[in-house]
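We did not get these values from a lab; they are worked out from the coordinates using the rules stated. Since this is a predicted model, take the numbers as computed values, not measurements. Using ideal geometry, Cβ is built from the backbone for each residue, glycine included, and neighbour counts are taken over all protein chains shown.
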Amino acid sequence: MTVEVPYVLFRTRSGVYGIDGYFYPALERVEHRAALLRKMEPKPLRGVSGKYYVTPDNVKDILRELALELYELAGRSFDERNKHMRRWNILRFLGIPSGYLKNLRRDNELAGRVRRVLLALSIVEHVLGIKGPADLENLSIEPLGWTLFRLEVVDGKPVDPVYAQLYEDDAGFRRALFELLQKEKGLEKERL
């Protein structure tokens with residue numbers, strides 16, 4: 001089955017990109033939203049019917065907000081990992097048993113979170129053509145309109161590698177995809 005996902009096209013200093021207008025608000029983690037940005041060709045644009053969270057009118061504000069959230073999240077993630085490491089090192093230095101494997105698992109979990117946030121932040125910085133939060137003041141984004149991305153779904157799972165990873169990692173994405181597939185099946189029944 002193939003479903004059409006609406007994308008908002010926009011131009012920045014680094015090129016023409018699209019952002020998913022349907023799945024964006026459904027994602028549970030902020031860092032997953034950066035995966036919904038795609039380099040796209042400036043094709044002839046089609047009108048899209050329906051109400052979506054991301055539109056050509058608010059795409060600049062959405063992207064600025066995403067960048068700010070990721071900068072804040074990166075700082076918090078670093079702080080949380082540093083606090084954990086300091087506490088663990090003090091206990092080890094004093095010779096107080098604190099559960100080596102438990103602390104090692106927690107550190108790996110926190111390090112993974114930091115890596116995901118930094119990767120998402122680097123994607124957003126590249127797309128927006130910025131190097132830091134101060135560059136958000138002079139953000140240059142030109143909305144170009146709508147386009148549709150054809151997402152192939154086999155056995156309820158997306159074939160596209162980005163969407164397939166989101167399907168594995170994000171429960172909000174799975175719920176939104178299920179709703180979209182149900183809506184598409186309902187439309188197919190109406191056509192028959």
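Values as computed for the structure displayed
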item	result
0 to 90° range, to nearest 10: angle between helix 171-191 axis and the chain longest Cα axis	10
Value of relative contact order over segment 40-192, rounded to a whole percent, pairs C-alpha under 8 Å and six or more apart	30
Amide H within-cut-off set for Leu144, under 5 Å, with H built and near neighbours excluded	Leu9, Phe10, Arg11
Glu137/Asp107 FRET efficiency (R0 30 Å; Cβ-Cβ; nearest 0.05)	0.25
Label assignment, Cα Rg over 2.2 N^0.38 Å derived from the structure, set (1) 1.24; (2) 1.33; (3) 1.41	(1)
Modelled FRET efficiency - R0 22 Å, Met85 with Leu119, Cβ distances, 0.05 increments	0.55
Close Lys-Lys pairs in segment 34-94, where close means Cα under 24 Å and separation is 8 or more or interchain	5
Contour excess over end-to-end distance, with Cα ends at Lys43 and Val162 and 0.36 nm allotted per residue	40.7 nm
Angle in degrees between helix 59-94 and the longest Cα principal axis of the chain, rounded to the nearest 10	20
